[in-house]
1. If I model a spin label as a point 7 Å beyond the Cα along the Cα-Cβ vector, how far apart are those points for Gln201 and Lys128 in nm?
2. Given the Cα-Cα distance of Lys287 and Glu59 and 0.36 nm per residue of separation, how much length would full extension add, in nm?
3. How large are Rg and Dmax for the chain when only the alpha carbon atoms are used, in Å?
4. Could you sort the peptides 225-236, 242-253, 198-209 by per-residue average Cβ neighbour count (10 Å cutoff), highest mean leading?
5. Using θ = phi - 60° and the Karplus form 6.51 cos²θ - 1.76 cosθ + 1.60, what ³J(HN,Hα) does each residue of segment 256-269 get, whole Hz, x for Gly and Pro?
6. How long is the gain from Asp175 to Val261 if the chain were fully straight, where each residue apart is worth 0.36 nm and the alpha carbon distance is subtracted?
7. Quick check on the chain: of the DSSP beta bridges with both residues there, what percent are antiparallel, nearest 5%?
8. Quick one: among Ala171, Ala129, Ala120, which has the greatest mean-square fluctuation in a GNM of the chain with alpha-carbon springs under 10 angstrom?
Amino acid sequence: MEQQLDRREFITKAGKFGLGLGLISALPVYLGAQELSKELFFDISLAQYSYHRALQDREMTNLEFPSKAKELGINAVEYVSFFFKDNKVNKTEIAELKLRTDDIGVQNVLIMCARSGNLASSDEKERKAAVANHYQWVETSSELRGHAIRVDLRGKGSKEQMAGASVKSLAELCDYAKGSGVNILVENHGGASSDGKWLSQVMTDVGLENCGTLPDFGNFTIDRKKNIVYDKYKGIKELMPFAKAVSAKSYDFDEFGEETVIDYHKMLKMVKHAGYKGYVGIEYEGKRLEETEGILATKQLLEIVGRKLS
């Protein structure tokens, strides 16, 4: 197609057909031949939480997840620790997972650690126990040839107290992971960690090469009860200089295929401006679209915007 049509114009003329699987086939129409030939400046991975309903309802298992990603044209995956039984490592399962991903050519990118203790606790005993709880995931990520684990910084106390505890915990985890090829990444994931200025200062204070951030496009609620929300665009800009992974959160899409609450054009411009060239993980959390449709809608939006920026 010689003349590139505007995405909105095209969808309007096409009768505003449905999102998800039907919309994916229209990708070539949104982009000119030159843009279609461009390589994305980032790689796309799939966060396991995108299938949290299927996994929780036992319609999918950890071992089946990589194959499902491959079916969707995604060759890299990110796991969540609590989808493993009892939030613990089963060496037999990990060995099988490694075999399966090797067989189908899927890269294991990282493990998102959750419910593994309070790394930002001012209680030294509690903090130390939380650090130790993460060792198994460092080892597992290394075994799966992943490049990182993602950790949460949770705890009680003032922001200053939490920052001090966080710096100690991250330094200890980075020391444990040293030589394994595994990075320790912090996501803006509620509480103090969703304050971009606070988290970027923690990163500066840690100052270690194998410590970084995993900026998430959508997790900037500091206090849900008080409705305190940090500006997501300001937060992404502050966290990108330390980024070693990025999470493309999505909730829903309008009739033009745009995310309804996150400006992907603005977000990906900041990602590119930071010089980032790693994985951008799809993390669909919407309810209106079925999980696979939401994932594919996110993938399409990433590809369209990414190619325009490449």
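1. 2.8 nm
2. On the way: separation 228, 0.36 × 228 = 82.08 nm, distance 1.68 nm.
So the extension gain works out to 80.4 nm.
3. In Å, with Rg to one decimal and Dmax whole: 19.5, 66.
4. Details: 225-236: 14.8, 242-253: 23.0, 198-209: 17.2.
My ranking of the peptides, most packed first, is 242-253, 198-209, 225-236.
5. Once θ is set to phi - 60°, the couplings for segment 256-269 become 9, x, 8, 5, 7, 10, 10, 7, 5, 5, 5, 4, 6, 5 Hz.
6. Separation in residues times 0.36 nm, less the Cα-Cα distance, equals 27.1 nm.
7. Details: 3 of 32 bridges.
About 10 percent, rounded to the nearest 5.
8. Maximum among the listed residues: Ala129.
The values are calculated or read from the model by the stated rules, or taken from the named source; none is laboratory data. Treat the numbers as computed from the prediction; the structure is a model and nothing was measured. Backbone-built Cβ (ideal geometry, glycine too); neighbour counts: all protein chains shown. Accessible surface areas use protein heavy atoms only, side chains included; no ligands, DNA or RNA. Shrake-Rupley method; radii C 1.70, N 1.55, O 1.52, S 1.80 Å.
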